[in-house]
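Since the structure comes first, as structure tokens, the remarks are kept for the end.
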Amino acid sequence: MNELSTAELYLQDFHQRQPGVTSAAFGQLPALSASARYASTYALLARLVPDVDTPQSVLDLGCGDGHLLALLVAREQPQLQLIGLDMSASELAVARAILPPSVRLLHGRGQALELPSASVDYLVSHMALMLMDDIEQVVREMRRVLRSDGRFAAIVGRTFLLGEVNDVFMRVFKPIVSTELPPLRFGDRRTGSEAGWRELLDGSFADVEFDDIDVPWTPTPGELWTALLDTYDIDRLDDGARQRLRTAFLDAVAPLQGGDGKVATGWGLRLVRARAA
Ligand SMILES: C[S@@+](CC[C@H](N)C(=O)[O-])C[C@H]1O[C@@H](n2cnc3c(N)ncnc32)[C@H](O)[C@@H]1O
């Protein structure tokens, strides 16, 4: 792999310490679009890959521990050729342990895919594209490896938390970010908006479509805090700042608890789909 940026080195370190953290958070939570409910955001992406008898090659870009690939393997679709690529060797080691040898796993970066041009029919990606440096180069590589008319579908971030809990979290988090979080830019801001995605995909992809995907979750404040500990920016705080954030957040969120002690929230995500033009 080429030399990694500071953000990429941090991501590698995080995923070495916590492989499988994303599928642990999202793998069991139902996902809702405006018109349908899915077992999870991974199941949503798996459903988009056509269940056909003809040969079909699928690349999962930023495949992590292979959770999405495992759902595709479980379909027992004989002509499906599955490939996963990730820059984290630790995530890939978990993926290798759970996936059959027929699934090809590549250690590399989305900016330089070691795959032939026009060799992929469907490119999927779950919660990874918004982290990638030089996303324009990643999009060029996505288009290069996809056949003409090949499809692309990705789940990326939209908001952070759902509902009022997000406002409460941002209110206590922002002052800590500005004073105590060392600056580090993950990915390209354009991956956070529909307009940004249209700009990135313009010219090489057509039929660009978006769906808001909500992953509702009603945890106790303590359970929510535990989940937040597995997010990059909170992980990057030093222990003192993290403890101050914990106290401020748990105090601020307490009034939102229902009679059962839980808070209605979840994760606000976006499905981006397009066709290689
Ligand atoms: C939030 S995790 C998601 C993993 C998996 N798709 C899932 O949802 O379970 C993001 C993954 O993207 C990978 N990643 C980030 N930037 C990358 C890049 N430029 N090239 C390849 N992988 C990258 C990380 O190593 C990590 O495994």
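Rule-based calculations on the coordinates, nothing more; no lab input. Worth saying up front: this structure is predicted, and the values here are computed from it rather than measured. Positions of Cβ are backbone-derived with ideal geometry, glycine not excepted, and every protein chain shown enters the neighbour counts.
Points to keep in mind about this one:
- Residues located in region 86-122, provided they are touching an Asp or Glu at 6+ places or on another chain (Cβ under 7 Å), assigned to a loop (DSSP other than H, G, I, E, B) and without any contact (Cβ under 8 Å) to a residue 60 or more places away in the chain: G110, L113
Residue-by-condition table, conditions (1) within 13 Å of the ligand (Cβ to nearest atom); (2) farther than 25 Å from A36 by Cβ; (3) among the hydrophobic types (A, V, I, L, M, F, W, C); (4) in a helix (DSSP H, G or I):
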| position | (1), (2), (3), (4) |
| --- | --- |
| D133 | yes, yes, no, no |
| A153 | yes, no, yes, no |
| N166 | no, no, no, yes |
| F169 | no, yes, yes, yes |
| E209 | no, no, no, no |
| G222 | no, yes, no, yes |
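- In region 1-18, residue nearest to D133 (Cα to Cα) [restricted to those that are assigned to a loop (DSSP other than H, G, I, E, B) and in contact (Cβ under 8 Å) with a residue 24 or more places away in the chain]: S5
- Of all residues in region 153-172, those satisfying the criterion of being more than 14 Å from the chain's Cα centre (by Cα), surrounded by 20 or more Cβ atoms within 10 Å (Cβ to Cβ) and within 28 Å of S5 (Cβ to Cβ) are L161, F169.
- Among residues of region 19-37, those that are within 30 Å of R236 (Cα to Cα), more than 13 Å from the chain's Cα centre (by Cα) and either within 10 Å of the ligand (Cβ to nearest atom) or free of Cβ contacts under 8 Å to residues at least 60 places away in the same chain (or both), counted: 2
- Test: residue in region 64-71 that is closer than 17 Å to A95 by Cβ, in contact (Cβ under 8 Å) with a residue 60 or more places away in the chain, buried (at least 18 other Cβ atoms within 10 Å of the Cβ) and more than 9 Å from the ligand (Cβ to nearest atom): no
- Among residues of region 210-238 that are hydroxyl-bearing (S, T, Y), those with a beta-carbon under 6 Å from a residue that is surrounded by 15 or more Cβ atoms within 10 Å (Cβ to Cβ) at least six positions away or on a different chain give the pairs T218/K262; T218/A264; T220/K262.
- Unique match (being crowded, with 17+ Cβ neighbours inside 10 Å and among the basic types (K, R)) among R244, R275, R198, R270: R270
- Matching residues in region 171-199 - criterion: being hydrophobic (A, V, I, L, M, F, W, C) and either away from the ligand (no atom under 16 Å from the Cβ) or more than 27 Å from E136 (Cβ to Cβ) (or both): V172, F173, I176, V177, L181, A195, W197
- Residues that are aromatic (F, W, Y) and surrounded by 14 or more Cβ atoms within 10 Å (Cβ to Cβ) do not occur anywhere in region 226-235.
- Matching entry among S33, S102 (being surrounded by fewer than 19 Cβ atoms within 10 Å (Cβ to Cβ), under 27 Å from D212 (Cβ atoms) and of a type in the set (S, T, N, Q)): S33
- Checking the stated criteria, M142 turns out not to satisfy the condition of being within 16 Å of the ligand (Cβ to nearest atom), closer than 25 Å to G266 by Cβ and in a helix (DSSP H, G or I).
- Tally, over region 38-63, of residues that are within 11 Å of the ligand (Cβ to nearest atom) and in a strand (DSSP E or B): 2
- If you go through region 104-127 and keep only what is under 25 Å from L269 (Cβ atoms) and more than 13 Å from the ligand (Cβ to nearest atom), you end up with V120, D121, Y122.
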